[in-house]
Amino acid sequence: MERVKDKGTVIRALGAMSGTSLDGVDAAVLETDAVSISGFGPSGYRTYDAAEQDVLRAALGQWAGPTLEPAREVVMSAHVRLLSDFEDIDLVGFHGQTVAHAPRLQGTLQLGDGAALADALQTPVVWDFRTADVELGGEGAPLAPFFHFACAKWIGAEAPVAFLNLGGVGNITWVDPTRDTPEEKGALLAFDTGPANAPLNDLMLSRLGQPYDKDGALASSGTVEEGALELFLAEPFFARMPPKSLDRNDFAEMVGLVRELSDPDAAATLTAMCAAGVAEAMQHCPSPPTSVLVTGGGRQNPVLMKMLEVSLDCPVKRVEAVGLNGDMLEAQAFAYLAVRVARGLPTSCPGTTGVRAAVGGGTLSAPNRVQSLP
């Protein structure tokens, strides 16, 4: 624990992320002193099978009740089995599984017990990253922007750049890399852009029994229904000034807007809705970014990427173009945030979540007993 808290020392942190797409758990090692990136280590992935996904999906939107404990068991089992494969780890950043997010109402809920995970791995764990931010008036999301700031420094960016994460929900981070710290005023602006993969994945599952539109194959054969797209963009969310965030199911009615459409047209329209939300978001950037770097599963959809290229006024690239790993960027982010929490540094600020002042969210749990989990 002393090494973990020793400011200035580079340590090996392992981050884990289980996103709202419900596909599985990403894990990745990052070497950092909590400020700059020193190196990237190994990574791993553990998929949720269909039965596990059903358990997790049943818990979505629930703040209490009988569906939460089975979902928590799925989350904990998956994380223990995946994270146990890594060696020489000083600290773990454990996000858990978000099942409900309403920062202006009930708050935010991520399933998982970081203290139990620390015991199982016999390694210190930082967890519950979002609660402190929400309690101080923040949205509790997105939380990757401080890591995006470090990434912009790592790639040598000299002018504003944007990171666009397309998971279940989309979020964007505008970064000014000329600033010294991420919490400095004007260094960051971050917020959710709207739904991304979640509605399309839900459509594919309900209509075709497939988890997602692989390579955009279905959407590529369809036509966008402009009327449905206009109704989508009329949602009050898009008129709100950032920072702002969404729950996975906040736009569940999107599927209703395409209910009467054929499978290809419905897929094309939902894909266009994701791109349109991003285009609307770009209007809030303090200055035009030199490029938009796309991470998350959405970057693998060529139809969505083409829509973004057409609708945005700057180059759109996958983050791999600048040497980053788009599959593991979120997991790496929570490794980075874990080290910041352990060293008493902020993890969010007014420009990223709307919190009243820069705050370091998260709880640090040290292992205190040997415990085996399923």
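What do you reckon, how do K244, K214, K185 stack up by accessible area (1.4 Å probe), largest on top?
Accessible-area ranking of K244, K214, K185, largest first: K185, K214, K244.
What is the Cα convex hull volume of region 1-121 when expressed per residue in Å³?
Working: hull volume 14.8 nm³, N = 121.
Hull volume over Cα atoms, normalised by residue count, gives 122 Å³.
With a 1.4 Å probe and all protein chains left in place, how much accessible area per residue does region 1-104 have, in Å²?
Details: 4370 Å² over 104 residues.
Using a 1.4 Å probe on heavy atoms only, each residue of region 1-104 averages 42 Å².
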Accessible surface of D90 - all protein chains present, 1.4 Å probe, nearest 10 Å²: 40
Eligible aspartates and glutamates near K5 by straight Cα distance, threshold 16 Å, same-chain separation 8 or greater: E31, D33, D90
Of all DSSP beta bridges in the chain, antiparallel share, percent nearest 5: 75
Accessible area (Å², 1.4 Å probe, nearest 10) - R72: 70
Residues of region 247-374: accessible area per residue with a 1.4 Å probe, Å²: 39
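Rounded if a/c is under 1.5, else prolate if a/b beats b/c, else oblate: with a ≥ b ≥ c from the C-alpha gyration tensor eigenvalues square-rooted, which is region 236-311?
The shape class here is oblate.
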Proximal lysines to K185, defined as alpha-carbon separation beneath 25 angstrom and excluding residues fewer than eight positions away on the same chain: K7, K153, K244
Relative counts (whole %) of C-alpha pair distances in the chain, using bins that are 10 Å wide: 5, 26, 35, 25, 8, 1, 0
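Share of the chain's accessible area from carbon and sulfur, percent, 1.4 Å?
Details: 7470 of 14640 Å².
Solvent-exposed carbon and sulfur of the chain make up 51 percent of the total.
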Extended-chain gain in nm, criterion 0.36 nm per residue less alpha-carbon gap, R259 and D85: 58.3 nm
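The values are calculated or read from the model by the stated rules, or taken from the named source; none is laboratory data. Computed from a predicted structure; not experimentally measured. Side chains included, ligands, DNA and RNA excluded: accessible areas come from the protein's heavy atoms. Shrake-Rupley method; radii C 1.70, N 1.55, O 1.52, S 1.80 Å.
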